[in-house]
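These notes concern the structure reproduced below.
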Amino acid sequence: MDITVQELKAKLDNGDDFIFIDVRELHEYEEFNLGAILIPLGEIMQGIETYADKKDQEIVIHCRSGNRSGMAKSLFEQNGFKNVRNLTGGAMAWIQAFP
């Protein structure tokens, strides 16, 4: 199940406990970020190994538009993660909703 920017903002504002991953490249992250852990898509397999003991914890993944994070979500799910969510529209949707 994906997550909207409004749902994500509420989770961040509430201090909810979840793993938050940004799969964009470093230059994109430096330009604008939401405070997520940066794991570029090309390095996502190492990221999956890092969180191998957290397969039941909620993970929210985002990128610029939702495409790369959708791929990352699939990889996490293929590796047994049960609660992975992709930010619909990515950072672009966030910037539009919360200018």
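The values are calculated or read from the model by the stated rules, or taken from the named source; none is laboratory data. Source: prediction; values computed, not measured. Positions of Cβ are backbone-derived with ideal geometry, glycine not excepted, and every protein chain shown enters the neighbour counts. Only protein heavy atoms, including side chains, enter the accessible area calculation; ligands, DNA and RNA are left aside. Shrake-Rupley method; radii C 1.70, N 1.55, O 1.52, S 1.80 Å.
Would you pull out the residues with amide H under 5 Å of Asp2's amide H, same chain only if 5 or more places away, H placed 1.01 Å from N?
Asn86
Using only the alpha-carbon atoms, how far is helix 5-14 inclined from the longest principal axis of the chain? Give it as 0 to 90 degrees, nearest 10.
Helix 5-14 sits at roughly 80 degrees to that axis.
With the dipole of the chain worked out from charges on the C-beta (+1 for Lys and Arg, -1 for Asp and Glu) around the Cα centre, which of Gly35, Ser65, Ile48 lies farthest toward the positive end?
Looking along the dipole axis, the top candidate is Ser65.
What does the charge dipole of the range 10-88 about its Cα centre add up to, to the nearest 20 debye, if the Cβ of each Lys and Arg holds +1 and the Cβ of each Asp and Glu holds -1?
Values: 9 positive and 14 negative charges, 65 e Å.
With Lys and Arg at +1 and Asp and Glu at -1, about 320 debye.
Just to confirm the number: angle between the C-alpha axis of helix 67-78 and the first principal axis of the chain, 0 to 90 degrees, nearest 10?
Rounded to the nearest ten degrees, it is 30.
Output ³J(HN,Hα) for the range 80-91: one whole-Hz value per residue in order, computed from phi by the Karplus curve 6.51 cos²θ - 1.76 cosθ + 1.60 with θ = phi - 60°, and x for Gly and Pro.
After applying 6.51 cos²θ - 1.76 cosθ + 1.60, I find x, 6, 9, 9, 10, 10, 9, 6, 4, x, x, 4 Hz.
For the chain, what relative contact order do you get, as a whole percent, if you take Cα pairs closer than 8 Å and at least 6 residues apart?
Working: 152 pairs, mean separation 34.6, N = 99.
Contact order relative to length: 35 percent.
Give me the percent of the accessible area of the chain that comes from carbon and sulfur atoms, probe 1.4 Å, all protein chains in place. If you can, show how the numbers build up before the last one.
Working: 2650 of 5400 Å².
So the carbon and sulfur contribution to the accessible surface is 49 percent.
Probe of 1.4 angstrom, ligands and nucleic acids ignored: what's the accessible area per residue over the chain, in square angstrom?
Details: 5400 Å² over 99 residues.
Counting only protein heavy atoms, the per-residue value for the chain is 55 Å².
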